[in-house]
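Following: one structure in structure tokens, then a few remarks.
The values are calculated or read from the model by the stated rules, or taken from the named source; none is laboratory data. The structure displayed is predicted, hence computed values, not measured ones. Here the Cβ positions follow ideal geometry from the backbone for every residue, glycine too, while neighbour counts run over all protein chains shown.
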Amino acid sequence: MKLLLKEIRHNPLLWLLVFVPVVFAAEQLKPESHTLLFVLSVLAIVPLAALLSHATESVAAKTGDAVGGLLNATLGNLTELVIAIAALRAGQYMLVKASIAGAIVTNTLFMLGASFLLGGLKFRLQEFNRVGARMQAALLFLATVALLIPSAVSNADAAASAAFTRSLSLGLAVLLILTYGLSMLFSLKTHRELFAGAEGGEEGETPWPIVLALATLAAVTVLVALVSEVFVESVQKAAESLGMTPAFVGFIVVALVGAAAEMASAFSAARKNRLDLSVGIAMGSASQIALFVAPVLVLLSYVIGPAPMDLQFWPGAVVMMLIATIAASMVTNSGRSAWFGGVLLLMVYAIFAMTLYLLPPQAS
Amino acid sequence: MKLLLKEIRHNPLLWLLVFVPVVFAAEQLKPESHTLLFVLSVLAIVPLAALLSHATESVAAKTGDAVGGLLNATLGNLTELVIAIAALRAGQYMLVKASIAGAIVTNTLFMLGASFLLGGLKFRLQEFNRVGARMQAALLFLATVALLIPSAVSNADAAASAAFTRSLSLGLAVLLILTYGLSMLFSLKTHRELFAGAEGGEEGETPWPIVLALATLAAVTVLVALVSEVFVESVQKAAESLGMTPAFVGFIVVALVGAAAEMASAFSAARKNRLDLSVGIAMGSASQIALFVAPVLVLLSYVIGPAPMDLQFWPGAVVMMLIATIAASMVTNSGRSAWFGGVLLLMVYAIFAMTLYLLPPQAS
Amino acid sequence: MKLLLKEIRHNPLLWLLVFVPVVFAAEQLKPESHTLLFVLSVLAIVPLAALLSHATESVAAKTGDAVGGLLNATLGNLTELVIAIAALRAGQYMLVKASIAGAIVTNTLFMLGASFLLGGLKFRLQEFNRVGARMQAALLFLATVALLIPSAVSNADAAASAAFTRSLSLGLAVLLILTYGLSMLFSLKTHRELFAGAEGGEEGETPWPIVLALATLAAVTVLVALVSEVFVESVQKAAESLGMTPAFVGFIVVALVGAAAEMASAFSAARKNRLDLSVGIAMGSASQIALFVAPVLVLLSYVIGPAPMDLQFWPGAVVMMLIATIAASMVTNSGRSAWFGGVLLLMVYAIFAMTLYLLPPQAS
């Protein structure tokens, strides 16, 4: 408990934890102020995500490499998963899909681009292990293919057969999880020395004792789940009154909120010339969402959703994921980076954000 | 003749030759059992393709490098060509196109992927000459562009002008064959030392005497042509009764049957750590089908088909060819391979196969 | 003046200057002979473009590296800009857009491909600095994304909101110019040593004195503007009577005319084994048109056009730009070239040209 308080004192991000009780109070007192609830829930999720991330890493550090890697790989995007589950239970499938696509695009373009830019402003040229980046790019490409092919083959004229899309989505979900599992076997077990440097973990921070870490993990997950429900309920109406399109909210706002904690880690690593770590966090998180979180949500929708969710995404979202994958692959291909590579990725992100912001609501 | 019998005794694949007379007998006795005829003709084509492939190589080995390379390059996909001609004469243009696209996708994803996986399970890291792989990938990209651009520029709303598509296809066919010829001039003549290792040829097998090779070539081609006619006639109805979509049959089944002999060679080379050879067979065969077999069929359709065939493919097939080219290019780009690269290619193939298997018939 | 005459005497291309007065005379005497005016204006623009290019380089050489680089980067495509402004003032937005897309495609495929082929016929293998080529390819990719995303996200069914497209185009134009500015800061200032060789400038030619260069720049720009007006007025009707589709004229003819001078430089450098220079001219010119000329035209359309111009291109043009970017990126990726790389690029260009030539007019 003392360690937890010490952590909170040293990390200004965690001061935002004060908004957690505030959001619950506001929900009781002013259930109709959607914009207020939306802003408060965003402010509450960010520090909870940071705590969750630290707790996961502490558990992983204690359990040894193999189990730890597995834990990090499955719980690393717990915040995104919990928010998506809240949206899934509310039947808001559009929001779930927009947040999945948005998280992939935000991680590969904004998080990676800003890491390159921040690192590049301090260091002239930075090097990183490109084997890891290439593998993550290949995994993202595979996931994009899985999301692209159902729309590409089904005739635009014919009424898309719901049964076809549903059974195909189920099969694709299983293939993606299987590939994700094999990728971990490859990078953590059979060929782990190829990825040296890309893993690493954050030294300098002392991991918490296992009991504290597990207790935090459990308690904070519950809190994130509760706040996410307020967030999901308020987000659409708040967006309207703030003049934002639903596409912009799902793609950009939710994705930035969900990934705030990881961004803090990736940017700080880039400023310390540990670009391996930044690339690993950004690309690894994107491929984890694409190959693990998204298919798990499809499977979960059969259990907890009002109806099965499929993997048929809005075509614009698929195009954005494909472009993000290609852009990240081009920029990371050489294993060296300078500030301009970051500018390029951020510009692609700015093009997407501007398009979604201006998009008339009925078009999405 | 003794050599031929010795070959048959040592190669269990060739025992399937017994199905060649069986399929002709069955056609006379049970002309209505489409499923039986389909299965028997598949079983008969596989060993014939293996014989054809060996005979071509023997002729090539005897005639010296330049003529031999040319022979291998033009007759290497003789089985696919003969099957496609049978379909062409029957006016089954959908089947011809599906089998062309399927052969390209199957060679670049399944044959290459399984070679990487089989080789990678035995050897930790395998190296190969990436110059050859890059050139084949570039040729495939060019062919995909040729198939993509007619649909991309013609307005979806306007009734696609048949005259436009037909004259464009004729021009594209000539360009593709010309490019294929220049690629051989480049890789076999002016810059052949860049491709060292990628060529090679299968040592260890003694080539047949030229007379035996030529006689086998002629006789087996006739047999393949006869069996192909049974195959083409039975395949659609057999597919229906086996519950397979026509798209799945053309793309997956016909492609696997046509390439069975080359697969045996590619996989065996991968297990002997001769990945140069595997990559050369898989990628070379794909680019040969795209730049030589497909345009030759367009030209032939003016002579033997009921009507000229164009190069306008089903959009889903073009997307799959494009994805297969990009995937193969990503995985072969580094010149090194491990088992996971094979898994990635096989997973893309599995996504395609699953999609085509589930696709409602009217949508293709 | 003596220097100018000497230049004219030594450069046969400049003998075409005689057509400048001829075109003005013809316009007065035969204002209805569109085909004649079209041919004469083409013949007059080519030598003017060569003079303009030489004058720009001379001014750049005199003003030192930083300002000179900036001048070259902004005035390098002055001919294209002046022609496009003439079309803009005439309200011919289709022609403006076709010529922008055509210039990008012609520079990356025809100019680069012919340089590789001409150089490769003389030298077995040529090397060039691939850092520059990669950066230009990345810039082109960014520009293509900017042109692709508006069509990709707006629903085909919904009437595309003109207001959306217009404000998005304005925002994209600003982003592209900003990125172009940052790319110059990167390649000319902060990381210029990475691009060593790619810059260079044409040695061997003595630059003109600054007064002559500035006077030529001013006078020739006015002449190009005047001839461009004749060109723009006559091109559509001339195309009809020559049996060429408008798409072919805008994409191929205008682009070849506008880039004639740069092509002469790029080809001559390739024949002198200075491929760095050829690649720099071809790719640099393409990215300059995409990231500087095109957005400047959008901004200018608010001032001088009959109505604001947007950045929504014909989908076929976007696909061609995307393919050209990928093809150039594949071929330049290794930093080495042989003749066959040039053949590949030229074949892609031939596919585009043939498609546009055959395209029925109503489909474009």
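Condition test on A:Arg166, is it in contact with a Pro (Cβ under 6 Å, 6 or more places away or on another chain), at pLDDT 80 or above and either farther than 18 Å from B:Gly341 by Cβ or not hydrophobic (A, V, I, L, M, F, W, C) (or both)? Let's see the steps before the verdict.
Numbers: in contact with a Pro (Cβ under 6 Å, 6 or more places away or on another chain): yes; at pLDDT 80 or above: yes; either farther than 18 Å from B:Gly341 by Cβ or not hydrophobic (A, V, I, L, M, F, W, C) (or both): yes.
Yes: the conditions hold for A:Arg166.
State yes or no: is A:Val318 within 11 Å of chain C (Cβ to nearest Cβ), in contact with a helix residue (DSSP H, G or I) (Cβ under 6 Å, 6 or more places away or on another chain), farther than 17 Å from A:Val279 by Cα and in contact (Cβ under 8 Å) with a residue 40 or more places away in the chain? When the stated conditions are applied, A:Val318 passes them.
Screening C:Met330 against (1) at pLDDT 95 or above; (2) surrounded by fewer than 22 Cβ atoms within 10 Å (Cβ to Cβ); (3) within 7 Å of chain B (Cβ to nearest Cβ) leaves a single unmet condition, (1).
Could you tell me whether C:Ser151 is part of a helix (DSSP H, G or I), of a type in the set (Gly, Ala, Ser), modelled with pLDDT of 85 or more and under 23 Å from C:Phe292 (Cα atoms)?
Numbers: part of a helix (DSSP H, G or I): yes; of a type in the set (Gly, Ala, Ser): yes; modelled with pLDDT of 85 or more: no; under 23 Å from C:Phe292 (Cα atoms): yes.
Judged against the criteria, C:Ser151 is not a match.
Residue-level check: of (1) among the charged types (D, E, K, R); (2) away from chain A (no Cβ under 14 Å); (3) surrounded by fewer than 24 Cβ atoms within 10 Å (Cβ to Cβ), C:Glu80 misses just (3).
Of the residues that make up segment B:42-61, is at least one surrounded by fewer than 20 Cβ atoms within 10 Å (Cβ to Cβ), at pLDDT below 85 and not β-branched (Val, Ile, Thr)? It would help to see each step written out before you state the result.
Of segment B:42-61, the ones surrounded by fewer than 20 Cβ atoms within 10 Å (Cβ to Cβ) are B:43.
Imposing the further condition that a residue be at pLDDT below 85 reduces the set to none.
No; the residues of segment B:42-61 include none that is surrounded by fewer than 20 Cβ atoms within 10 Å (Cβ to Cβ), at pLDDT below 85 and not β-branched (Val, Ile, Thr).
Restricting to segment A:236-248, count the residues that are surrounded by 22 or more Cβ atoms within 10 Å (Cβ to Cβ) and modelled with pLDDT under 85.
To start, the set of residues in segment A:236-248 that are surrounded by 22 or more Cβ atoms within 10 Å (Cβ to Cβ) comprises A:238, A:247-248.
Subsequent filtering for residues that are modelled with pLDDT under 85 retains A:247.
Selection size over segment A:236-248: 1.
So which residues in segment C:1-39 are of a type in the set (Asp, Glu), touching a helix residue (DSSP H, G or I) at 6+ places or on another chain (Cβ under 8 Å) and modelled with pLDDT of 80 or more?
Applying the first criterion (of a type in the set (Asp, Glu)) to segment C:1-39 yields C:7, C:27, C:32.
Applying the additional criterion that residues be touching a helix residue (DSSP H, G or I) at 6+ places or on another chain (Cβ under 8 Å) yields C:7, C:27.
Within segment C:1-39, just C:Glu27 meets the criteria.
So, in segment B:9-24, exactly how many residues are within 21 Å of B:Ser241 (Cβ to Cβ) and without any contact (Cβ under 8 Å) to a residue 24 or more places away in the chain? Total meeting the criteria: 1.
Only one of the numbered conditions (1) within 14 Å of chain C (Cβ to nearest Cβ); (2) out of contact with any Asp or Glu (no Cβ under 9 Å at 6 or more places or on another chain) is not met by A:Gln312, and that is (1).
The helices (runs of 4 or more DSSP H) found entirely in segment B:1-108 that carry 2 or more residues being farther than 28 Å from B:Gly305 by Cβ are B:2-10, B:19-29, B:34-62, B:65-75.
Just to be sure I understand, how many residues within segment C:1-41 are among the β-branched types (Val, Ile, Thr) and buried (at least 20 other Cβ atoms within 10 Å of the Cβ)? Can you show your working first?
Residues of segment C:1-41 among the β-branched types (Val, Ile, Thr): C:8, C:18, C:20, C:22-23, C:35, C:39.
Imposing the further condition that a residue be buried (at least 20 other Cβ atoms within 10 Å of the Cβ) reduces the set to C:20, C:23.
Residues meeting the conditions: 2.
Can you pull out every residue in segment B:342-364 that is more than 7 Å from chain A (Cβ to nearest Cβ), over 23 Å from A:Val174 (Cβ atoms) and assigned to a helix (DSSP H, G or I)? Of everything in segment B:342-364, just one residue is more than 7 Å from chain A (Cβ to nearest Cβ), over 23 Å from A:Val174 (Cβ atoms) and assigned to a helix (DSSP H, G or I), namely B:Pro361. A single member of B:Leu188, B:Leu118, B:Leu125, B:Leu112 is more than 11 Å from chain C (Cβ to nearest Cβ), out of contact with any His (no Cβ under 6 Å at 6 or more places or on another chain), surrounded by fewer than 17 Cβ atoms within 10 Å (Cβ to Cβ) and in contact (Cβ under 8 Å) with a residue 12 or more places away in the chain, and it is B:Leu125.
Matching residues to (1) charged (D, E, K, R); (2) farther than 30 Å from B:Phe123 by Cβ:
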residue: B:Ser234; (1), (2): no, yes
residue: B:Arg274; (1), (2): yes, no
residue: B:Gly284; (1), (2): no, no
residue: B:Val296; (1), (2): no, yes
residue: B:Gly305; (1), (2): no, yes
residue: B:Gln312; (1), (2): no, yes
residue: B:Gly316; (1), (2): no, yes
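Considered as a group, the residues in segment A:267-316 that are in contact with a Pro (Cβ under 7 Å, 6 or more places away or on another chain) and at pLDDT 90 or above include one that is surrounded by the fewest Cβ atoms within 10 Å (Cβ to Cβ), and that residue is A:Tyr302.
Specify the residue that is surrounded by the fewest Cβ atoms within 10 Å (Cβ to Cβ); the eligible residues are those in segment A:136-148 that are at pLDDT 90 or above and more than 18 Å from the chain's Cα centre (by Cα). Among those residues, the one meeting the criterion is A:Val145. Entry remark, segment A:201-218: residues being loosely packed, with under 14 Cβ neighbours inside 10 Å and either under 21 Å from the mean Cα position of the chain (by Cα) or at pLDDT 85 or above (or both) number 2 in total.
When segment C:259-275 is filtered for residues that are among the hydrophobic types (A, V, I, L, M, F, W, C) and farther than 11 Å from C:Leu112 by Cα, the ones remaining, listed by number, are C:Ala259, C:Ala260, C:Ala261, C:Ala264, C:Ala269. In the set (1) surrounded by fewer than 24 Cβ atoms within 10 Å (Cβ to Cβ); (2) farther than 24 Å from A:Met244 by Cβ; (3) not β-branched (Val, Ile, Thr), A:Gly91 fails one condition alone, (2). Scanning segment A:230-244 for residues that are of a type in the set (S, T, N, Q) and under 17 Å from A:Val96 (Cβ atoms) gives A:Ser234, A:Gln236. Checked against (1) buried (at least 22 other Cβ atoms within 10 Å of the Cβ); (2) more than 17 Å from the chain's Cα centre (by Cα); (3) more than 8 Å from chain C (Cβ to nearest Cβ), A:Trp339 passes all but condition (3). Looking only at segment C:161-171, residues that are at the interface with chain A (Cβ under 7 Å from one of its Cβ atoms) and either part of a helix (DSSP H, G or I) or under 20 Å from A:Leu125 (Cβ atoms) (or both) come to 4 in all.
Consider segment A:172-185 and keep the residues that are out of contact with any Phe, Trp or Tyr (no Cβ under 9 Å at 6 or more places or on another chain) and within 10 Å of chain B (Cβ to nearest Cβ). The one that is farthest from A:Val298 (Cα to Cα) is A:Thr179.
For (1) under 22 Å from B:Thr355 (Cβ atoms); (2) out of contact with any strand residue (DSSP E or B) (no Cβ under 7 Å at 6 or more places or on another chain); (3) within 14 Å of chain C (Cβ to nearest Cβ), each residue gets a yes or a no:
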site: A:Asp276; (1), (2), (3): no, yes, no
site: A:Gly284; (1), (2), (3): no, yes, no
site: A:Leu291; (1), (2), (3): yes, yes, no
site: A:Gly335; (1), (2), (3): no, no, yes
